[in-house]
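So the structure is just underneath, and the comments pick up after that.
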Amino acid sequence: AMHVDAVHRLKLTTELRKALDRGEIGVMYQPIFDLRSGDIVGLEALARWHHPERGLLPPIDFIGLAEETGLIQSLGRRVLDVALAEMAAWHRRYPAHRHTRIAVNMSGRQLGNPGIVDDLREMLTGSGIDPAAVILEITENVLTPGDGSASERMERMADLGVSLYIDDFGTGWSSLNALRSLPVTGVKLAPEFVSRLPDPEENGFVEAVRDLAENLGLEAVVAEGLEREDQRQALVAAGYRIGQGFLFGQPLKSDDADDLLRTTPAAAWVGSGAGGAVPRWGRAG
Ligand code: C2E
Ligand code: MG
Ligand code: MG
């Protein structure tokens, strides 16, 4: 069985390497909404593999392998490159959305690459996007405590003007430590919390995360995995302002994301926050 597994993985690795060369790795965009008005505040870029035989593959089928083999570096560059270029084009095409933000996932292995900050700087300049519209989502369970080089790289990325969010906040063991030791702008509340709403105990957790974010001066908590209207209502009642999930929209192909931006207003308060031109999502709540 181990042999079969190894052969399969080797084949998949070869395929993934080719896929990167041939441009088979694409990006879909899931909208992020103002929970109260339904206006758009951002898009999250999600990697997809357009496999010639197996069709559209989700990240679970290839991100882990990409991390183990080091291919995550070129995959991550590819996703950033596409996402920043497309969002910069949307900012130009739809002036109402000039502050609408683009969130891109970054894995721990990518942070382990000493060249990551230079890559990011190059891609920001190359795309012409306003760095203040860019969010990098880092999964907390990949952050190793005491890894000074990763946090130093995060500091330097923050200096470029991008925002850093902790993804799937609440599920890792290092949540509070990460908030203390890393230059974190905001957090994305893991869908596990949202899925159990409304529920008195779960409301307590959700409110506690909101207070934590507020007390630490973070700009926002984004609720993830909203699937039902009663969850949206519970989050609004708990003072949440921003969320994403199937209730509002699935990840979209580029053309469909374009349609959505053309036909849906941008939240007026994005970009009007402290710092004037700096598009802030505003404080949690
Ligand atoms: P994530 O960053 O937490 O992204 C959210 C995931 O939840 C997406 O899955 C999205 O399709 C899914 N989702 C959104 N709304 C709902 C909902 O209401 N219900 C449910 N059940 N699911 C929802 P996806 O696209 O399969 O991505 C999975 C994970 O793969 C991402 O989780 C992220 O950690 C990773 N990933 C995706 N793209 C990239 C990338 O370009 N680079 C890296 N390093 N990781 C990536
Ligand atoms: Mg994410
Ligand atoms: Mg997440």
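The values are calculated or read from the model by the stated rules, or taken from the named source; none is laboratory data. None of these values were measured; they are calculated from a predicted model. So basically every Cβ, Gly included, is an ideal-geometry build from the backbone, and we count neighbours across all protein chains shown.
Filtering region 211-244 down to residues that are of a type in the set (D, E, K, R), free of Cβ contacts under 8 Å to residues at least 40 places away in the same chain and within 16 Å of ligand 1 (Cβ to nearest atom), which residue is nearest to residue 45 (Cα to Cα)?
Going residue by residue through region 211-244, those that are of a type in the set (D, E, K, R) are 211, 214, 219, 224, 227-230, 232, 241.
Right, trim to free of Cβ contacts under 8 Å to residues at least 40 places away in the same chain and you get 211, 227-230.
Filter once more, keeping what is within 16 Å of ligand 1 (Cβ to nearest atom): 227-230.
Details: 227: 19, 228: 22, 229: 24, 230: 26 Å.
Ranking the candidates gives 227 first.
Looking for whichever is within 16 Å of ligand 2 (Cβ to nearest atom) and aliphatic (A, V, I, L, M) here; the options are 135, 129. Which one fits?
Within the list 135, 129, the selection yields 135.
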Residues located in region 228-246, provided they are in a loop (DSSP other than H, G, I, E, B), within 11 Å of residue 32 (Cα to Cα) and within 16 Å of ligand 3 (Cβ to nearest atom): 245, 246
In region 171-188, the residues that are surrounded by 19 or more Cβ atoms within 10 Å (Cβ to Cβ) and more than 30 Å from residue 121 (Cβ to Cβ): none
Residue satisfying condition, being more than 14 Å from ligand 2 (Cβ to nearest atom) and under 18 Å from the mean Cα position of the chain (by Cα), within set 164, 179, 197, 216: 179
Residue 143 vs. criteria within 16 Å of ligand 2 (Cβ to nearest atom), surrounded by fewer than 23 Cβ atoms within 10 Å (Cβ to Cβ) and either at pLDDT 95 or above or not hydroxyl-bearing (Ser, Thr, Tyr) (or both): yes
All positions within region 49-81 that are away from ligand 3 (no atom under 16 Å from the Cβ), over 17 Å from residue 110 (Cα atoms) and either in contact (Cβ under 8 Å) with a residue 60 or more places away in the chain or out of contact with any Gly (no Cβ under 6 Å at 6 or more places or on another chain) (or both): 49, 51, 52, 53, 54, 55, 56, 57, 61
Strands (runs of 3 or more DSSP E) within region 1-87 that include 3 or more residues of a type in the set (Gly, Ala, Ser) and surrounded by 16 or more Cβ atoms within 10 Å (Cβ to Cβ): 40-51
